[in-house]
Amino acid sequence: MKKKNLFIHIGYFKTGTSTIQRFCSDNTSLLSNSGILYPSQFRPENNETNHGLLSLSAMREKGLALPLWFSRSSRNMAESFSACLSEISKISDQNEDKDILISSEEFVHFSFDSSSERLISDIANAAYNHNISAICYLRDPLSYLTSWYLQVSKEHPTPKFSIFTARQPEYQINHKKTIDLWSRSLGKENIHIFSYDKHKDKHLENFCDFLHIPYQEIDSPAASKIIENKSKPFGEAEALRRIKCLNKIIDPHLAYNTIHNSLRKNSADYNQLEAHLEAAIEDYSSLTSHLKLNDINNLTIDSIFEIESKLNQPSSAKLPLSINPDNFIKCTEMADIYRELFYLTTGRDDLSAHKFIEEAHRLRPSGPLIKRLFDYSKLFNS
């Protein structure tokens with residue numbers, strides 16, 4: 001009998017992975033009728049539509065950083081990669097007549113280290129009754145970065161968009177690195193890459209066509225539960241970012257670095273970002289010929305700054321925060337921002353507070369209020 005397949009849907013992030021996972025989780029009987037098992041195993045607490053226990057247990061044992069939602073669960077942290085491999089072997093033995101589908105975008109993190117080839121081989125060896133294939137969806141890096149930034153800005157303070165982009169790990173925007181890793185491990189013929197379609201129905205239709213799942217059956221009550229992540233408007237996301245930094249939600253030093261850092265043309269940071277983007281563009285372009293649907297890429301420094309400009313557009317949203325966002329958003333000059341940072345950190349982190357008012361005074365030495373605050377802070381910290 002010809003071997004069945006174990007399909008590993010590895011991501012990328014921000015390519016409709018949650019939509020696919022929720023659909024598969026809600027429609028296991030539909031998949032089963034099409035000869036595909038979407039296992040109930042490997043599903044972590046707090047995120048039970050995917051198989052993150054498999055990918056994240058491997059990451060934990062490699063010493064890589066884990067998502068907070070995962071590490072907060074003792075049950076998640078107790079799972080070992082070897083136990084997951086044993087479970088894969090059982091599933092492979094018990095379902096020789098079915099294809100198996102596993103989905104976790106956290107597999108993308110394996111690209112952090114070339115030694116991850118061994119982890120992929122371990123999974124393949126565990127599922128010895130099945131051929132192993134990887135499914136990967138790609139997205140234009142600029143669109144990907146924008147979506148990722150808007151999501152992150154809802155959760156905690158972030159640097160401005162250009163700084164955020166410059167700090168991304170190479171594998172996060174260099175898709176080719178991920179594809180090459182899985183190709184070396186499984187063989188190029190076993191890697192299936194598709195272009196992300198932001199329209200939910202088209203995206204799911206593409207996925208179902210590949211797995212030979214009858215698309216017309218998707219119109220079911222369970223499928224109607226699928227919802228896409230909603231991003232905040234550009235201006236609101238930028239207002240949230242700045243206000244969160246002002247409110248010192250995480251760390252005053254982070255707040256200081258967030259406001260203080262900037263990219264200037266011909267600076268070392270600017271040139272580094274340019275080289276970072278050029279590599280991503282070249283590698284992404286080399287993959288587009290293999291995509292089912294080609295995606296246009298416009299990832300340039302100009303486009304990064306264009307997005308940044310949109311992010312800086314004021315938001316009309318009324319946000320329930322401890323300072324008045326309308327007043328703050330009107331603080332278009334950096335001196336005003338540093339002054340507000342001084343107010344919010346005084347008494348909690350006087351070292352950072354002094355840095356803030358010192359910078360405000362440097363930018364506006366003639367401002368009477370800023371001068372008085374600076375003199376006070378200097379006297380207090382002397």
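The values are calculated or read from the model by the stated rules, or taken from the named source; none is laboratory data. Treat the numbers as computed from the prediction; the structure is a model and nothing was measured. So basically every Cβ, Gly included, is an ideal-geometry build from the backbone, and we count neighbours across all protein chains shown. To get the accessible areas, we keep the full protein, side chains included, count just its heavy atoms, and leave off ligands, DNA and RNA. Shrake-Rupley method; radii C 1.70, N 1.55, O 1.52, S 1.80 Å.
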Whenever you get a sec, compute what percent of the accessible area on region 1-129 sits on carbon and sulfur atoms (1.4 Å probe).
44
Cα-Cα over 27 Å: which of K62/K198; K62/K265; K176/K202; K2/K188; K160/K188; K198/K310?
K62/K198; K62/K265; K160/K188
Quick one: compute the contact order of region 68-221, relative version, from alpha carbon pairs under 8 angstrom and 6+ residues apart, as a percent.
26
Under the rule a/c < 1.5 gives rounded, and otherwise a/b versus b/c splits prolate from oblate, where does region 131-196 land using the Cα gyration tensor?
prolate
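Order of 16-23, 51-58, 37-44 by packing, highest average Cβ count within 10 Å first? Intermediate results must be reported in sequence, preceding the final value.
Numbers: 16-23: 21.9, 51-58: 26.6, 37-44: 18.6.
Listed from highest to lowest mean packing, they are 51-58, 16-23, 37-44.
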Taking a probe of 1.4 Å, how large is the accessible area per residue of region 62-216, in Å²?
41
Can you tell me the FRET efficiency between K2 and M77 if r is taken as the Cβ-Cβ distance and R0 is 45 Å, rounded to the nearest 0.05?
0.70
Chymotrypsin sites (Phe, Trp or Tyr not before Pro) within region 89-197: DSSP coil, no more than 14 neighbouring Cβ in 10 Å
Y128
Can you give the accessible area of T300, probe radius 1.4 Å, in Å² rounded to 10?
60
Sort 115-124, 266-275, 353-362 by packing, meaning the average of other beta carbons within 10 Å per residue, with the highest value first.
353-362, 115-124, 266-275
